[in-house]
Every structure is written in structure tokens, then in C-alpha cells.
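Student: Mind having a look at this structure? Questions to follow.
The values are calculated or read from the model by the stated rules, or taken from the named source; none is laboratory data. Every value quoted in this text rests on a predicted model; they were computed, and no experiment measured them. All Cβ positions, glycine included, derive from the backbone under ideal geometry; neighbour counts span all protein chains shown.
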Amino acid sequence: MFAVLKTGGKQYKVQSGDVLRVEKLAVSAGEKIQFNEILMVGSTVGAPLVDGAAVQAEVIDQIKGEKLINFVKRRRKHSSKRTKGHRQQLTLLRITDILEKGADASGVKAAVGASLARKEAHVAAYGSGDAALKAAAKKAAAPKAAAKAAPAAAGSDDLKQLSGVGPALEKKLHAAGVTSFAQIAAWTEADAEAFGEKLSFKGRIEREGWIDQAKALAK
């Protein structure tokens, strides 16, 4: 007997004994989990889900997919290019059982996506609604660690050499304690996001490729 289950926004046709890779789940190797979003079991088609049906699986390991290369080149006065590799985090499973009924009484842990688990942990820590947004914003508005990661060189670098940075934006960066290419080159993605929020140009640092440019200019 086969079943069609849904997880991570994708659908998988499986039967007992199959080994498959799915979007990362919040589980550990050796655990037994249960998928409750079942679209079809044998000849029974759900509307949209099959009531009481489930697919159980054993977690083999947490793995990474094949490397994907993302290359971006921008055509502008201070041109920049960026090559970034990415390996999707996946969970390797072996299907053990297909249940036509009795999913609620099985006692097996439900499969939960890693992103959903992080969201639930965030809500548990900060609550939901405006209070959560304010708490998260307050935490992101303290990028002091970024400034400590690479001490500013004696004097200030000409930050206007960075793509899209003019006198006004350079003044903002100086006011935030950013005076050298070395500091920007040492930023992580989290640091860049925090500074983008603080200086009111969210996403611009990544779009303009400041970190890559700063690494080249700091040499």
C-alpha cells in the first residue's frame, strides 16, 4: 500500500521501506515520527486530507543536499559581483508504517519542520503580536558585537568608495561607529541585517555587496 504525504511544502508518494529526503525536521537520528498530513492512502483520496491516516518513519540522519551556486553581478558605477554556495539542510528518513486509521491514538511524535519549531520557540520566548516584534527589534538594534569583531583602523577609511554610499550615508555610518572597511568586512549576515535595521536601509547592505567590496578595499 502507498500513501501521499505532505511536508515542507512538497508532496511525496511513499510506501513501507522507502528511504527519502525531506526538508529539515526538528528531530534527532533514531527518533520515530509521524506525518499527519496525508493526501491519499491507497485508493482513498483526502478532501484535502484523509481523516485519521498517517505515515510513520524512522529518522536516519540530518544531512545536507548538493551544493548550489548562486552568482550575482551588478552593472553600475561601483560594480560588484558575488558568488555564494548553498547546501539545503535535509532530514533522511525510512518509512516504517502506513496507517489508514488511528493516527491520533498512535502515540508517535508528530513531524514538525525546523522553521516552524524555531517560530514556536520565538513565540514562547517573546510572545506574539506587537510585543514580540518590539522585543525582537530591540534585540536586533544592538550590533555592538559587530563593532568589536574588527577594531577600527587609525583614522577613517573613505566609505564613499562602497557602492551607493554618499556623504550623507557615510555620516550615518560614522555616527553608528563604523569608520573602516575592516569593520564592514568582518560583518556576518546577522550583523548586516542589524545595521540595516538601525540605519533604516534594510536589505541594502546585501544588495549593494558592501561586505565583499569592503574585503577587497581593506587589503
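A quick yes/no check of all residues on (1) farther than 15 Å from Arg76 by Cα; (2) without any contact (Cβ under 8 Å) to a residue 60 or more places away in the chain; (3) surrounded by fewer than 19 Cβ atoms within 10 Å (Cβ to Cβ); (4) out of contact with any Leu (no Cβ under 8 Å at 6 or more places or on another chain):
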{"site": "Gly164", "(1), (2), (3), (4)": "no, no, yes, yes"}
{"site": "Ala168", "(1), (2), (3), (4)": "yes, yes, yes, yes"}
{"site": "Lys172", "(1), (2), (3), (4)": "yes, yes, yes, no"}
{"site": "Ala176", "(1), (2), (3), (4)": "yes, yes, yes, no"}
{"site": "Trp187", "(1), (2), (3), (4)": "yes, yes, no, yes"}
{"site": "Ala194", "(1), (2), (3), (4)": "yes, yes, no, yes"}
{"site": "Lys202", "(1), (2), (3), (4)": "yes, yes, yes, yes"}
{"site": "Glu208", "(1), (2), (3), (4)": "no, no, no, no"}
{"site": "Ile211", "(1), (2), (3), (4)": "yes, yes, no, yes"}
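Student: Kindly indicate which of Ala186, Ala218 is more than 27 Å from the chain's Cα centre (by Cα) and of a type in the set (A, V, I, L, M).
Tutor: Criteria check complete, one pass: Ala218.
Yes or no, residue by residue, for (1) more than 19 Å from Lys6 (Cβ to Cβ); (2) under 20 Å from the mean Cα position of the chain (by Cα):
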site: Ile38; (1), (2): no, no
site: Gly46; (1), (2): no, no
site: Val59; (1), (2): no, no
site: Lys81; (1), (2): yes, no
site: Arg87; (1), (2): yes, yes
site: Leu90; (1), (2): no, yes
site: Leu99; (1), (2): no, no
site: Ala103; (1), (2): no, no
site: Gly107; (1), (2): yes, no
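Student: Working only within the range 67-110, note down all residues that are under 17 Å from Ile38 (Cβ atoms) and part of a strand (DSSP E or B).
Tutor: Matches in the range 67-110: Leu93, Ile95, Thr96, Asp97, Ile98, Leu99, Lys109, Ala110.
So that you can scan it fast, the table gives a plain yes or no per residue for (1) surrounded by 14 or more Cβ atoms within 10 Å (Cβ to Cβ); (2) touching a Gly at 6+ places or on another chain (Cβ under 7 Å); (3) modelled with pLDDT of 90 or more; (4) outside the structural domain of Leu20 (by TED's automatic domain parsing):
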site	(1), (2), (3), (4)
Gly42	no, no, yes, no
Ala53	yes, no, yes, no
His78	yes, no, no, no
Thr83	no, no, no, no
His122	yes, no, no, yes
Ala125	no, no, no, yes
Lys138	no, no, no, yes
